[in-house]
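The values are calculated or read from the model by the stated rules, or taken from the named source; none is laboratory data. Remember, predicted model here, so these are calculated numbers, not experimental data. FYI the Cβ positions are ideal-geometry reconstructions off the backbone, even for glycines, and counts take in every protein chain you see.
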Amino acid sequence: MAVSSQRFRHSWMFLAISMVAIFPAWAVAQSTQPTGTTDASPASAPAAEQAGPVEPAPPPAAATQPAEDPVEAWIQATKHPVPWMTWGADLRLRDLYINNGVRLDKKDPTHEIHRQRYRPRWWTTISPSEHLDFNMRIVWEANTYAKPHSYETVDRGEVLFDIFNFKIKKPFDLPITITGGRQEISLGDRWLVFEGGPLDGSRTICFDAIRLTADLEDVKTRIDLIYIDQDAEGKGWIPMLKDRYTHTSTGLPAQRYITEQDERGAVLWIHNESIARTELDGYFIYKNTTANAPSAPQRGDDADIYTFGGRAAHAFDEHWKARAELAHQFGHKNDSRHEALGFNSQLAYHFNDQYKNWLRLEYEYLSGDRPGSGTNEAFDMLWGRWPRWSELYIYTNAGETGRFADSSNLHRIGTGWSCQPHPRIQLATDYHVLFADQNTYRDRAAYSRGGKFRGQLLTWSMKYIVIPNHLTGHLWAEFFCPGDYWAKSNNDFATFLRAELIWTW
């Protein structure tokens, strides 16, 4: 079938999603909502980034209480058809454009990517008793490509369970929760434990795991003990409903890998809040990996990595917040001894004004592999390979190591500002200066011999609520100017643009 007759003109999606943003922008000018009231809360953030406890405003008099929305009441009733069951669904639409993201080379025939992502999900929770839940979610994501022209136009994707687990709550009145099966796991600031399958992007973030959580309320302590068993194909514990996608180069059905290797591990994480306005975390993480992906075996690792780390977050007052995390790794990786160090920190100032302005200063260090040392000193991000601070920069990781979002060898200094000019709009902009720790790839053509300045990154986003509880979206832009860490042949300006809509039932 001719590409000219089948390739969709996908720019309509970006235009449509962008036009939806006009609604909240118009609302800013038209709003008469009193200061301090909101239609929806902003996205959650770690405690050290919050503005601190605020006394709730007194409720309005009964005569001024808004009447219950009959449509919303009906929607909620449909989601709870019987007392022991709930369900829901959502649809995410994304239109994204990336230029020079991977190789920083405008002469690369695939330097432009214009892609659309369509991700519907359906989920349910069945609770036969107050102590037992069964959770399930089905996800399917299809992709269409407008660029590069060499790519197959349509990828119909797989259909799979990204949540399929049971949860036992307070058995025998003990303060523990046991979750077994496919689940999502987020620990601390999501620095090292959050993303179970980086190769499928944000389609899923799940783990095949068994998790035991003990809540010791008397000492304000939570203990997590987790066993993780990730199959590289993403179907080791739970089979896929449809297990093939359309390969972008060949157009043939193919197996998609969610990681480059089979992964097993254990996590012990202790979280304590017994000191006022303070969070303390200590953890041990063990990760074993076995290279598995036959399509690109050089990308997988054979490794045993042991990580000990600690995290502290403190609110000095209602304005100043700080957090810091330090992790040390040792073990072996690909027939070499492994020893590495990582550090992540943030200092934030919250104005606590009507627009929720806040400023941040960040520093992150990930050790790099020193050439000729005989030891692998590159910090391993474990299960933290996701776009924490940049959607664009993770693509340069793929050009450097062959692995998306596999950051190491980095000094990052970041500054940022966020605000909420309207209850339905959040704005954020950040500027990062990036350096390499080592010239690990100085003998490769794409990298310089001695330069360590990776470059400058500017990010901007606008998140908006169109219909509270049901329709949200965002516009996202990032720009990267490479430095002398790269050779002149791989030093072109990179761009990332994305528009998104999410409808939720």
Looking for whichever is of a type in the set (G, A, S) and either buried (at least 18 other Cβ atoms within 10 Å of the Cβ) or at pLDDT below 90 (or both) here; the options are G101, G88. Which one fits?
G101
Considering residues of region 339-361 that are polar (S, T, N, Q) and part of a strand (DSSP E or B) only, the residue surrounded by the fewest Cβ atoms within 10 Å (Cβ to Cβ):
S345
Selection over region 389-413 where residues are outside any helix (DSSP H, G or I), surrounded by fewer than 19 Cβ atoms within 10 Å (Cβ to Cβ) and in contact (Cβ under 8 Å) with a residue 60 or more places away in the chain yields a count of 2
All but one of (1) buried (at least 20 other Cβ atoms within 10 Å of the Cβ); (2) touching a Gly at 6+ places or on another chain (Cβ under 9 Å); (3) in a strand (DSSP E or B) hold for T472; state the number of the condition that does not hold.
(2)
Which residue is modelled with the lowest pLDDT, if the candidates are limited to region 237-248 and must be in a loop (DSSP other than H, G, I, E, B) and either buried (at least 16 other Cβ atoms within 10 Å of the Cβ) or of a type in the set (A, V, I, L, M) (or both)?
T248
(1) free of Cβ contacts under 8 Å to residues at least 12 places away in the same chain; (2) at positive phi all hold for A276 apart from (2)
Examine region 481-502 for a residue that is assigned to a strand (DSSP E or B), without any contact (Cβ under 8 Å) to a residue 40 or more places away in the chain, surrounded by fewer than 16 Cβ atoms within 10 Å (Cβ to Cβ) and in contact with a strand residue (DSSP E or B) (Cβ under 8 Å, 6 or more places away or on another chain), and state whether such a residue exists.
yes
Out of P70, P109, P81, P120, report the one residue that is surrounded by fewer than 17 Cβ atoms within 10 Å (Cβ to Cβ) and under 22 Å from the mean Cα position of the chain (by Cα).
P120
What strands (runs of 3 or more DSSP E), lying completely within region 172-236, carry at least 1 residues that are surrounded by fewer than 16 Cβ atoms within 10 Å (Cβ to Cβ) and small (G, A, S)?
207-216
Of the residues in region 415-432, those that are under 13 Å from W460 (Cα atoms) and in contact (Cβ under 8 Å) with a residue 40 or more places away in the chain come to T415, G416, W417, S418, C419, Q426, D430, H432
Scan of region 420-443 for residues that are of a type outside the set (A, V, I, L, M) and touching a Leu at 6+ places or on another chain (Cβ under 7 Å), ordered by number
P421, Y431, H432, D437
Selection from region 464-478 of residues closer than 30 Å to V433 by Cβ and without any contact (Cβ under 8 Å) to a residue 60 or more places away in the chain yields H474, A477
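A quick yes/no check of all residues on (1) closer than 30 Å to A494 by Cβ; (2) touching a Leu at 6+ places or on another chain (Cβ under 9 Å); (3) modelled with pLDDT of 95 or more; (4) assigned to a helix (DSSP H, G or I):
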site	(1), (2), (3), (4)
P60	no, no, no, no
Q76	no, no, no, yes
R92	yes, yes, yes, no
D95	yes, yes, yes, no
D108	yes, no, no, no
F134	no, no, yes, no
V139	yes, yes, yes, no
I'd like to check something: does region 202-218 contain any residue that is at positive phi and in contact (Cβ under 8 Å) with a residue 12 or more places away in the chain?
no
List every residue pair whose Cβ atoms lie under 6 Å apart, where the two residues are 6 or more positions apart in sequence or sit on different chains, the first residue falls within region 178-189 and is under 15 Å from L160 (Cα atoms), and the second residue, located anywhere, is hydroxyl-bearing (S, T, Y) and not in a loop (DSSP other than H, G, I, E, B).
none
Just give me the residues in region 339-387 being under 30 Å from E318 (Cα atoms) and charged (D, E, K, R), in sequence order.
D353, K356, R360, E362, E364
In region 310-329, is there at least one residue being surrounded by fewer than 15 Cβ atoms within 10 Å (Cβ to Cβ), touching a residue at least 40 places away in the same chain (Cβ under 8 Å) and closer than 23 Å to L366 by Cβ?
no
